[in-house]
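Data first, discussion second: the structure below is written as structure tokens.
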Amino acid sequence: MYRYLLRRLMTLALSLIVISILIFVVMRIIPGDPAQIILGTDADENSLAVLRDKLGLTGPIYVQYVRWVQGVLTGRLGESVRYREPISQLIVSRFAVTGPLAVMAMLFAVAAGIPAAVYSAYRKNKLGDYLLMMFSQVGLAVPAFWMGILLMLVFGVRLGWLPAGGFIPWSESFLGAVKSLLLPAVALGLICAASIARLGRSALLNVMAQDYIRTARSKGISERSVLYRHALRNALIPLGTVIGMQFASLLAGTIVIESVFYLPGLGRFAFMAIGMRDLPVVQDIVLFITALIVVTNFLVDVSYALLDPRIRLE
Amino acid sequence: MSLVSFFYTPHSITKIDIGGRFEPPNLVHLLGTDEYGRDTLSRIMVGSQTSLLVGIVAVGIAFVLGTLLGVLAGMAGAWVDEVVMRWMDILYAFPAVVLAILLVSVIGPGILSGMVAIGIASTPGFARLARSGVLSIREEEYVQAAYAIGRSRWTAAWRHIVPNMASTVVVQATIAFAGALLSEAGLSYLGLGVQPPIPSWGRMLKEAQTYMGIDAWLAIFPGVAIALFVLGLYLLGDGIRQITDPRLIGTGD
């Protein structure tokens, strides 16, 4: 187990390093001087030099990279040129929206997707199964942000039950914050639930075709108990993979949905930073999001190893 | 499932006729008009060209790059395999939207950044598929036979292995196409994709949102268009899979 963990940790570290280099290099391809881009063409040489220094654009490129990574590791990312606030603080405050949004969406997706998968597998090729699979097929084809617009239209504009966008900070009202995240979370979660339901169904059916299920059945155990005690447990690993993979697309989905609901989250922040040419902020947010995805995948992998001893031996 | 092609073709035929941006009265317009009196149906039809273009180019990039890398990894094995697949794993951490944000901040918003971002983001899927295809076919007898008559490794790959996994790759292409459409819609919603004079479904939704209280239809039709197109592609993929190789059902990653 420790050897497995060590090996996975090393690949994790390596991936993070490669990712950071990749992002850094792409951001440096920008033609022209970033300081000039931020200040405009009529900036004087003196303020350009000051800004360049502030952005860490002085010295050879590898020194710039090392300085950036040091900043990332120590949490000192410098100050945003536009907001005049430390970037790390800005990211943390935006993540207070994006993080809970992603978690709520995931909870919703799991709560809706897994029961649907179990039901569909249990009622295989019956009417209920067909209906559910049809719905989920449509669900996969719907862009999450459009689902968000529709939900906003119905529950926000027409019925007026929930806020049609905007965000009430956690510090102001916990319930208000949850309420403003509810519609976007459901929109994202529904789409995720569709793939969990479909892939979960096939994972369950796969397990149901195994010999040990036949053995369990031949012992006279009820179908329900076979499903829950034997099949579902073994289908949890492929299901977990699906859910883990969904996390990346869910996080990507938050970027767009935050703009739909005017939520001050990370995605919207990155998007606005592009508009304001606040490139260091873009660079840091992209690193933050990709690192989040890689670390989540790592955690999913490791949790399998804990759950299933067969994986450790691979 | 051949139904799909019926549903799919009339769609792409109508796509080609270009409804411009007129400002005629309402009621004549099947799907209504937008805030400038422009016909929604026509705009959706023209918008589909954007989606089609982005989809084709993005999937083209992913298809060529991914299949090449996957075949390379599968045939070469050893450290080449390791290096290529690690890179693909790393690319997996960049969703299309995130890549697009990165690219847009470097080369500016526009259709190019979107296509490249979506293309690169879809590459790992093709690479993994092609690699696993190669690994499973590599040991087949007919491939061994090709070696026996003196074919080199790469000729064997090109003449005997690649054609045999064509159907799986084509299925993957339809799925990737659907994914590309969804990503493109999201990007153009954000304003990171195609720029204003050219209509796109994502931006139509963005504009519609402003007038949601006045005219809800505007926010519905472009979304329906996206969903139908994507759904058609999924079904098309399923159809191809079932026609070309029944054994493939239930496999794949």
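No value in this document is a laboratory result; all are computed from the given coordinates. Keep in mind the model is a prediction, meaning the values are calculated, not measured. Neighbour counts are summed over all protein chains in view; Cβ atoms, including those assigned to glycine, are modelled from backbone coordinates with ideal geometry.
Quick notes
- Computed from the C-alpha gyration tensor, the three semi-axes of the ellipsoid equivalent to segment A:224-314 are 37, 17, 6 Å, from longest to shortest.
- Positive-end ranking of B:115, B:99, B:65 along the dipole of segment B:49-244, with charges on Cβ about the Cα centre, is headed by B:65.
- Cut-off 20 Å, label 7 Å out along Cα→Cβ of residue A:64, residues of segment A:276-300 by amide N: A:276-288
- Inter-chain neighbour count for A:131-138: the average number of beta-carbon atoms from partner chains within 10 Å of each residue's beta-carbon is 1.
- Summary of the geometry: segment A:256-300 and segment A:163-220, compared by the centres of their Cα atoms, lie 23 Å apart.
- Averaged over peptide A:271-281, the number of partner chain Cβ atoms lying within 10 Å of each residue's Cβ comes to 3.
- Peptides A:204-215, B:50-61 ordered by packing proxy, namely the average of other Cβ atoms within 10 Å per residue, highest first: B:50-61, A:204-215.
- As computed over segment B:49-244, the Cα convex hull volume per residue (Å³): 119 Å³
- Signed unit charges on C-beta, dipole axis of chain A, positive-most listed residue A:184, A:289, A:70: A:184
- In plain terms, the chain from residue A:135 to residue A:21 could stretch by 36.8 nm, reckoned as 0.36 nm per residue minus the Cα-Cα distance.
- Stokes-Einstein D for chain A, Kirkwood Rh over Cα pairs, 37 °C, 0.692 mPa s (µm²/s): 147 µm²/s
- Residue-count net charge about residue B:234 - beta-carbon cut-off 14 Å; Lys, Arg +1, Asp, Glu -1: +1
- Take each residue of peptide B:102-109, count the partner chain Cβ atoms within 10 Å of its Cβ, and average: the result is 6.
- Contact order normalised by residue count of chain A, Cα under 8 Å, 6+ apart, percent: 24 percent
- Peptides B:181-189, A:93-101, B:121-129 ordered by average Cβ neighbours within 10 Å, highest first: B:181-189, B:121-129, A:93-101
- Debye log10 I(q)/I(0) at q = 0.21 Å⁻¹ for segment B:72-122, Cα point scatterers: -0.70
- Inverse of mean 1/r across different Cα pairs in segment A:89-276, Kirkwood, Å: 17.8 Å
- Highest-first arrangement of B:68-74, B:142-148, A:292-298, where packing means the average Cβ count within 10 Å: B:68-74, A:292-298, B:142-148
- Charge-dipole axis of chain A as Lys and Arg at +1 and Asp and Glu at -1 on Cβ define it, positive-most pick from A:209, A:163, A:136: A:209
- Extended-chain gain in nm, criterion 0.36 nm per residue less alpha-carbon gap, residue A:119 and residue A:6: 36.8 nm
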